[in-house]
1. Normalised radius of gyration for the chain, please: alpha carbon Rg relative to 2.2 N^0.38 Å, two decimal places.
2. For a quick check: with amide H placed at 1.01 Å from N, whose amide H comes under 5 Å from residue 88's, ignoring anything fewer than 5 positions away on the same chain?
3. Translational diffusion coefficient, Stokes-Einstein: compute it for region 183-228 using the Kirkwood radius over C-alpha pairs as Rh, at 10 °C and 1.306 mPa s, and state it as an integer in µm² s⁻¹.
4. Relative to the compact globular guide of 2.2 N^0.38 Å, what is the alpha carbon radius of gyration of region 80-147, as a ratio?
5. Hey, which lysines would be in cross-link range of residue 208, C-alpha to C-alpha under 28 Å, not counting anything within fewer than 8 residues on its own chain?
6. So what is the 222 nm mean residue ellipticity for the chain from helices alone, if each DSSP H run of at least 4 adds -39500 (n - 2.57) and you divide by all residues, rounding to the nearest 500 deg cm²/dmol?
7. Mind listing the long-range amide H neighbours of residue 257? Cut-off is under 5 Å, sequence gap 5 or more, other chains count too, H placed in the peptide plane at 1.01 Å from N.
8. With a bin width of 10 angstrom, please list the P(r) values of region 29-80 as percents of all Cα-Cα pairs, from the 0 bin to the one holding the largest distance.
Amino acid sequence: MSGRHSKNDLERTADDDVLHDLEDRWEEPSASALRWHKDLDVRELDCDSTPGWDGDREEAERLIAAHATELDDLQERLFADGRTGGGRAVLLMLQGLDTAGKGGIVRHVIGLVDPQGVQHHAFGVPTEEEAKHDYLWRIRRALPKPGYIGVFDRSHNEQVLVVRVEGLEPEETWQKHYDEINAFEAEVAAAGTTIVKIALIVSKDEQKARLAERLERPDKYWKYNPGDLETRAKFADYLDAYQDMLERTSTDVAPWHVVPADKKWFARLAVTELVLSALRALDLGWPPAEFDVEEQKKLLEEN
């Protein structure tokens, strides 16, 4: 009736108002606030900062929870599109030093959607079989199929990070990889995959604290690798490599987003927002029925 609202309508309006208030804590959209630009030097990054976000941890966690339903809905639309002949996919690439929080993001962010629509790959040292091929061979095999969200924990960018810093290839070889990476990602994007590249940057002090925690907790011993200290000794070299990677492989079709990772809650919020933004941009509806709906209703009723 005119002028009257149900309890559900009022609750829905209140929920919408709360959501809008939380979304307004972003001073600018996450996709632009976190996108790498030529004036951003990760060697000078305040890893405890929250670029673009003017809220606190509680508000961030509330926004993640509030956006979970939409994230799940959009992922299902993507999955349905792929099952009915669509060619779109999303690839989330997480790149970061040890303890940067990649695993936590997979659990807390990607865990918000239906796992049947996710293809996750963690890239470590190449296997014997992988080593027989060029470095993009195993990457191509792991690309998400249409309808899926693919998640790469580390990626082909290791060829200009670990390979460079650890001296696994001569400089004249790894220098060529920047152009190869750009060409490969342009090919993937042209085939219908939206690429979301995220560099999680943790400070040296925070990394030390997280490694120390692993040594204090028996439930985290399995995460600790004595070799991490050798990598940590080259922390500055790795930041140099990250800076060059950003400068040379952030493109219009596959831009890098830099996420300060000392605050785990902010990193999780940032990735949630970036994935949500990518899914929204696909503007997918539900696939139309490929059969006569009314006819099927009648046949079902008769049976």
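The values are calculated or read from the model by the stated rules, or taken from the named source; none is laboratory data. Worth saying up front: this structure is predicted, and the values here are computed from it rather than measured. In this analysis, Cβ positions are derived from the backbone assuming ideal geometry, glycine residues included, and neighbour counts consider all displayed protein chains. Surface areas here come from the heavy atoms of the whole protein model, side chains and all, with no ligands, DNA or RNA. Shrake-Rupley method; radii C 1.70, N 1.55, O 1.52, S 1.80 Å.
1. 1.13
2. Amide H to amide H, under 5 Å and 5 or more residues apart or across chains, residue 88 pairs with 147.
3. Working: Rh = 13.7 Å.
Estimated via Stokes-Einstein, D reaches 116 µm²/s.
4. Region 80-147 yields a ratio of 1.30.
5. 102, 197, 220, 223, 234, 263, 264
6. So the calculated ellipticity at 222 nm is -14500 deg cm²/dmol.
7. Here the answer is 36, 197, 198, 199, since their amide H atoms fall under 5 Å of that of residue 257.
8. Computed distribution, short to long bins: 19, 36, 30, 14, 1.
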